[in-house]
Amino acid sequence: MMRLPPFTYLAPKTVADAARLLGEHGADAMIVAGGTDLYPNMKRRQFEPKVLVGLGAISELRGVRGSASRGLSLGPMTTLTAVSQHAEVARHYPALATAAGLVSSPQLRNMGTIGGNVCVDTRCNYYNQSYEWRKAIGFCMKKDGDICLVAPGSSRCWAVSSSDTAPVLWSLGAHIRLTSADGERTVPIATLYRDDGIDYLAKRHDEILADIVLPPADGWRSRYLKLRRRGSFDFPVLGVAVNLRMDADVVSEARIVLGAVASLPREAKPAAESLRGQRLTEEAITRAADLAAGPAKPLDNTDYAHFYRKKMTRVFVARALRSLAGLDDGVDSTEAP
Amino acid sequence: MNKHEFSIIGQPLPKVDAWAKVVGETRYADDLVMPRMAHGKLLRSTHPHALIKRIDTARAQAVPGVYAVITGADLPRVKFGILPVSQDEEALCNERVRMVGDAVAAVAAQDEETAEQACRLIDIEYEPLPALMSIEESLGHPEIRIHEYGDGPNVHKNVALQFGDVEAAFARADLVREDVFFYEGNTHLPMEQHAAVAQWGADGKLTLWSSTQTPHYVHRLLARILDVPAAHIRVIAAPVGGGFGGKLDPFAHEIAACKLSQLTGRPVKITLTREEVFYVHRGRHPVLMWLKTGFTREGEITGSHIKTWLDGGAYGSYGVASTFYTGVINPVTYRMPVYKFEGARVFTNKPPCGPKRGHGTPQPRFALEVQIDKAAEQLGLDPADMRRRIVCEPFTKTANHLTVTTIGLGECIDKVVEASGWREKWRGWQTGAPRRGPLRRGVGFACSAYMTGAGTAIYWNSMPHSGVVLRADRSGGISVLCGATDIGQGSDSILAYLPAEVLGLDPKDVHVPPADTTLTPVDLGSYSSRVTLMCGMAAIQAAQRLRAVIARAVARKLEVDAELLVFRDRKVGVPDDWEKAVPFPHAVELAEAMHGVLAFPGSYAPPKRAGKYKGGGVGPSPCYSYSACAVELTVDEETGEIELHDVWIGHDVGRALNPLLVEGQVEGSVYMGIGEALMEAQVFRKGLHKHPSMLEYKSPTTLETPEIHTILVETDDPEGPFGAKEAGQGPLLPVLPAIANAVYNAVGVRVDEVPISPEKVLKGLDLKRQGKTPRVGPERIPLFKFKEPLVVESAFGQPADAVAVRPFADQETSR
Amino acid sequence: MKVRLALTVNGESREVLAPVHKTLLEVLREDLGLTGTKHGCELGECGTCTVLVDGEPVLSCLALPVAIEGRAITTIEGMAEGGELHPLQQAFAELGAAQCGYCTPGILLTAQALLDETPTPTRDEIKEALAGNLCRCTGYTKILDAVELASMRMGARK
Ligand SMILES: Cc1cc2nc3c(=O)[nH]c(=O)nc-3n(C[C@H](O)[C@H](O)[C@H](O)COP(=O)(O)OP(=O)(O)OC[C@H]3O[C@@H](n4cnc5c(N)ncnc54)[C@H](O)[C@@H]3O)c2cc1C
Ligand code: SF4
Ligand code: FES
Ligand code: FES
């Protein structure tokens, strides 16, 4: 049986207390929300924190508040199930409901939180392995070693950002509030991510993600498509989040963000740019899809061959756009085909 | 007996162990807890190939809570293996490790955490050797030898058999096809991770509870490995949480648990992690195949020649048998008058392959059925009709001297054609599949056959393959003691139904205790689809012997002729005078008073029909099951993804003793075939298993599993218990080629290897767009010299020997 | 660090003194003797260890008992009420939906949660609900059939 390493567990009741505890314990402590990402990693000895600060008892972090017209606030401890089934989310931010509803399995969505999903560790099939396996292959720089096994000449880690909701939240223009013992700051979620497989979050270790704020939804339409081998369990090996604001049938604003193609969600700006002021014709869609595939640079460290994931980027972007344009292409577009 | 005379046979009854399973009462090996029990853990090699220079356990021994640490030096220096011809394993490696995952040391401690921690403190110095990770590498480097024995450097087994003149057969053909196929290796992935509890008692006797499919072989081998008289060893099979062939070898954790128990004087439990289960493996061999077959214009096969190369992994396991199985079963399906088979199993530094559901036969079946599809296209024939026309004749011999009895394949094909709407859905070759956007629909067809129990045992002997002792109790209950293990297939239920049928009891009155080598007569194990037939026949024999004695006693009491007595509804009496019928418990008392203790043996050994040539012992079976399969699917031309809609499977099971159980076996087989066809693969990279986890080894979920429509065909085989044949493995076989053929039907791409991943489909579509041959699959075969073939006359078409003569059969059981 | 845990399991209050890093799966099996809960990976990748917490299916291999103190935990041992099988258990037994039976506890509890929320699910809804439970034996066919049968019977009872 795979077991957790020993730790001390702290269960603060307020964000302030949590922030204080994290400040006190410094690098020894880690935050745990649903634990669905952290515990498997701990069992494989990717992390052996001395102290866990569990956020489960902090009621202010749980639940969805506000309205689509003024903007929604998602408590980071809201489960993925709750996010995916929330009526307001499903109606006005459908891509988010879709993404949350496509994470892993039903059981896992009952446990995993949206905050944990935003902060989920990057993945690599040289890294998500037991201690013994990693020892056998000689460890890599993300944990216990000093080279990259995917790109041996590289001085950095290319582990893959594998969150389903992160690209969607980015495309929706979400902001996050980070709280620590030193105070709090609110920043666009796009600035949370760094292009580094190891230090993938641009936040301090002791900063708690305390709120996720969605801007008003008016006029925006969104889609999320996910590539993976099975309809359940599997992480995305490509995620495509598209958010468009339409002025009649003309695109007035567009954001396309790709998940699972790099160490952070990647915004496909030129592709989005190309749509602005356009009607969603086949030609416009094809052009945007071609442009979007540009920034996708998958490496061979997840399921599916990387050339295939790259190829699918085009297809998925086109499908997401077609679906938003109401063009029937025979494929069910809210779910991954 | 006629079908309508049965009271239990043919009924969709719940399994006898169903109730315990739905309330969580069933105690699997890992659920066992004993006083003072210690927990064990194995330390496994981190090198694919290396010499062990030094092992130092001092630091591990010093960990508080550690009871014992052992290495190979603590065990007798014997090598073992499941087959007498491949004794090449060590429980804990002494000098050399041959794969990542080979066990080298073991710890017993007060809990699993401590044992694991101690394992990490064992210092081992390795001297790495070059690792050979593929057939090509192993054949290309004869100077590096994984084992010293075998049929050549890194060649474990090299076989060649020829039945008739293949060249002449090809010369006679209107069409001769040569194709190369590859079938990737995959694993059983039972939901239960292997577990064992050993207790070496103060009396010097050892008891082992284990999740094993074959307690008898474990018993035999433990005696050798531990150098303890077999008489002092007791192996008890725990209910098995899924086997599929993965729990058929004796394993290091079982042996280590025993030794650790001896040293600590405590019961010791070892449960493998999921990752370890991937190393223990013994799953499907990766097989590269070259197949050449001649066809007449009408689709008749004139002759067939297959060459197979099996990537065996680091040890022998069942590999010699697996090698033969890639060659010997193809001829039992269609008329194939001339046949040649060459096969080689190659050692590599990977977990050893062995028997997985269908053992060695799904690979050549995939090759043959895809090739037939290609031939049908060239000949302009409907692939279902073509197969229907060339089905083997019942009660004849095949080219390679296998005796086939009943064959329900024609009926299976007809029913599947009918149920699937094949006539409307298959619209001819090159007609273009229905399209919706990038989605294209296709249908595919394939057939197969499989054996119902191996005709020979793993070690040569002339004892029964299956034994039963049936004991009647004064309560009116009976106990069926048998060494078979229920791995979920329902063998305990079969052991209850058959005697209940013979004795007019309710299955609930029958007790089937678990296999226990001190109590239950030997059954060789739950493999090769042998249990229902072999244990079933033994159980019927024992029940009939009991019935005869009870009938005599009741006849005397009722003063009637014993011949007139009927056993039903827990009573024994004359139908015309049923009020006088004696309740079964009383009948037992009468019989016990007359006869003494009521305990009767039943024995079964298969008919002796091995072909009279070297190698003729692998392949014979009392009878063969047949399956036909149609698949309907959609291929997405932009993504290469395949969505299965429906699978129709017709299966000739001889007789469905319990249709629910048979359907369950068929559905499970189809499921596993789907996984192998689309996504399951044991892949290695840099000397290691690429992803030894449930997440990355892809097993289909409810969402990938289509509707499975099962059609049972009954042929009432004279060899089987009440006519039954196997159902647990055969129906896997046609699924893969049917899917490959359906993909071709949908998008015109031939993927000649499994799994058929979206990448491969897309690659094929790209080739098609470029005007190249839209085929994806292996291009080359290794430079390899097979043995001079053993040339034997083809026995094709000869009539089967009349009613088979079986050892241990007696008057009552011959029907 | 050992902690005193007050858990409500199958309607009973149970106190356990256990290291805080033991998962619910381990505490149920090793400290409470409830071995009906099975495990196939301990990493959240198979669904075998599913139990209900306040009626919702969760993975006991990734749940920490301290984090769910006070919530109602249901294991397979608590599914039959007062010796009477839950209609799902009855249907699973009758239809042969449990072969080796190893995935069965997790699947039964997941199905129970589904029927509690959606008494008459469509086949697709059942597939969605059970998409987090792997079974290697049955091909899911009989499992889906059994859930449908139980749902029908439960509807008829009302
Ligand atoms: C088998 C399996 C399949 C999975 N499939 C998917 C998938 O398909 N898609 C997907 O996106 N994910 C998947 N996951 C990953 C994970 O389960 C989800 O991302 C989940 O949402 C994580 O949430 P959690 O609450 O469980 O996070 P936790 O495990 O509790 O935390 C994850 C990380 O975030 C940090 N963290 C959590 N909350 C906060 C906070 N409020 N402030 C600061 N830091 C915080 C933690 O310290 C930790 O580093 C899968 C996991 C498993 C085991
Ligand atoms: S990308 Fe390289 S460094 Fe990062 S986890 Fe993978 S192998 Fe290790
Ligand atoms: S044991 Fe596999 S998900 Fe918990
Ligand atoms: S019944 Fe065996 S795994 Fe489901």
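The values are calculated or read from the model by the stated rules, or taken from the named source; none is laboratory data. Model, not experiment: these values are computed from the prediction. Heads up, the Cβs are rebuilt from the backbone with ideal geometry, glycines too, and the neighbour counts pull from every protein chain shown. Surface areas here come from the heavy atoms of the whole protein model, side chains and all, with no ligands, DNA or RNA. Shrake-Rupley method; radii C 1.70, N 1.55, O 1.52, S 1.80 Å.
Quick notes
- For region A:251-295, trypsin sites (Lys or Arg not before Pro) are listed when DSSP marks them as loop and at most 14 other Cβ atoms sit within 10 Å of their Cβ; the list is A:Arg276.
- Over region A:1-58, the alpha carbon radius of gyration divided by the compact-protein estimate 2.2 N^0.38 Å works out to 1.09.
- The 3J(HN,Hα) values that the Karplus relation (6.51, -1.76, 1.60; θ = phi - 60°) gives for region B:469-479 are, in residue order, 10, 10, 10, 9, 10, 4, 5, x, x, 10, 10 Hz. Gly and Pro appear as x.
- Qualifying lysines (Cα of each under 16 Å from Cα of B:Lys763; at least 8 residues distant if same chain): A:Lys310, A:Lys311, B:Lys772
- Per-residue [θ]222 nm for the protein assembly as shown (sum of -39500 (n - 2.57) over DSSP H runs n ≥ 4, rounded to 500): -8000 deg cm²/dmol
- Peptide A:302-312 - average C-beta neighbours from other chains (10 Å radius): 4
- Relative to one another, the C-alpha centroids of region B:327-376 and region B:527-581 are positioned 44 Å apart.
- Rounded Å value of the spacing that divides the Cα centres of region B:112-135 and region A:164-193: 43
- Per-peptide average of other Cβ atoms within 10 Å, ordering B:740-750, B:65-75 highest first: B:740-750, B:65-75
- Here the protein assembly as shown is assigned +1 on the Cβ of each Lys and Arg and -1 on the Cβ of each Asp and Glu. Its dipole about the Cα centre then comes out at about 1920 debye.
- Other protein chain C-beta atoms within 10 Å of residue C-beta, averaged over A:121-131: 3.
- Fraction of accessible area attributable to carbon and sulfur, region C:87-157 (%, probe 1.4 Å): 52
- Quotient of Cα Rg and 2.2 N^0.38 Å for region B:445-516, N being how many residues it contains: 1.38
- Interchain or long-range residues, amide H under 5 Å from B:Arg568's placed H: B:Gly573
- Each chain gives up part of its surface: C and B jointly bury about 3900 Å² of accessible area, both sides summed, for a 1.4 Å probe.
- Rg over Rh [alpha-carbon atoms, Kirkwood Rh] for chain B: 0.98
- Pairs exceeding a 27 Å alpha-carbon distance, out of A:Lys142/C:Lys127; B:Lys247/C:Lys127; B:Lys259/B:Lys686; B:Lys157/B:Lys247: A:Lys142/C:Lys127; B:Lys247/C:Lys127; B:Lys259/B:Lys686.
- Taking all protein chains together, B:Trp290, A:Trp133 sort by accessible area into B:Trp290, A:Trp133, largest first [probe 1.4 Å].
- Antiparallel DSSP beta bridges within region B:277-356, as percent of all bridges there, nearest 5: 50
- Shown here: region C:91-158, whose C-alpha atoms stretch 33, 23, 17 Å along the first, second and third principal axes, sorted largest to smallest.
- HN-Hα J in Hz across region B:312-317 - Karplus 6.51, -1.76, 1.60, θ = phi - 60°, x for Gly and Pro: x, x, 7, 9, x, 6
- Excluding ligands, DNA and RNA, the accessible surface per residue across region A:220-324 is 33 Å² with a 1.4 Å probe.
- Sorting C:Glu84, B:Glu112 by solvent-accessible area of protein heavy atoms yields C:Glu84, B:Glu112, largest first, with a 1.4 Å probe.
- A Gaussian network model of chain C, with springs between Cα atoms under 10 Å, assigns the largest mean-square fluctuation among C:Ala67, C:Ala111, C:Ala91 to C:Ala67.
- Here's the list of lysines a cross-link from B:Lys557 could span, going by alpha-carbon distance under 29 Å and ignoring same-chain residues fewer than 8 apart: B:Lys508, B:Lys571, B:Lys580.
- Charge dipole (debye, nearest 20) of region B:456-542; +1 at Cβ of Lys and Arg, -1 at Cβ of Asp and Glu: 140
- Share antiparallel - DSSP beta bridges, chain B, percent rounded to 5: 75
- For region B:332-342, Karplus couplings with θ = phi - 60° (6.51, -1.76, 1.60), whole Hz, Gly/Pro x: 8, 9, 10, 4, 9, x, 10, 8, 9, 9, 10
- Heavy atoms of B:Lys580 accessible to a 1.4 Å probe, total area in Å² rounded to 10: 130
- Taking every DSSP beta bridge that has both ends in region C:2-78, the antiparallel portion is near 90%.
- In summary, the aspartates and glutamates within cross-link reach of B:Lys768, defined as a Cα separation below 18 angstrom excluding same-chain residues under 8 places away, comprise B:Glu377, B:Asp636, B:Glu637, B:Glu638, B:Glu641, B:Asp752, B:Glu753, B:Glu759, B:Glu779.
- Here, the protein assembly as shown is characterised by an Rg to Rh ratio of 0.97, where Rg is the alpha-carbon radius of gyration and Rh the Kirkwood radius.
- Residues B:Phe341, B:Phe796 ordered from highest to lowest accessible area at a 1.4 Å probe: B:Phe796, B:Phe341.
- With bins 5 Å wide beginning at 0, the percent of Cα pairs of region A:199-306 falling in each bin runs 2, 11, 17, 19, 17, 16, 11, 5, 1, 0.
- Centre separation in Å (Cα based) which lies between region A:136-152 and region A:203-238: 28
- For the residues of C:51-63, the average number of beta carbons from a partner chain within 10 Å of their own beta carbon is 5.
- Around the Cα centre of chain B, unit charges on the Cβ atoms of Lys, Arg, Asp and Glu (plus for the first two, minus for the last two) sum to a dipole of about 1160 debye.
- Taken over chain A, the ratio of Cα radius of gyration to 2.2 N^0.38 Å equals 0.98.
- Using a cut-off of 18 Å between Cα atoms, the listed pairs A:Lys13/C:Lys2; B:Lys350/B:Lys614; B:Lys356/B:Lys608; A:Lys50/C:Lys2; B:Lys356/B:Lys612 include A:Lys13/C:Lys2; B:Lys350/B:Lys614; B:Lys356/B:Lys608; B:Lys356/B:Lys612 as exceeding that distance.
- In the context of the full protein assembly, A:Trp158 retains an accessible surface of approximately 90 Å², using a probe radius of 1.4 Å and ignoring ligands and nucleic acids.
- Using a probe of 1.4 Å, the accessible surface attributed to B:Val662 totals some 20 Å² when neighbouring protein chains are kept in position.
- Rg and Dmax over the alpha-carbon atoms of region B:484-549 stand at 11.5, 34 Å.
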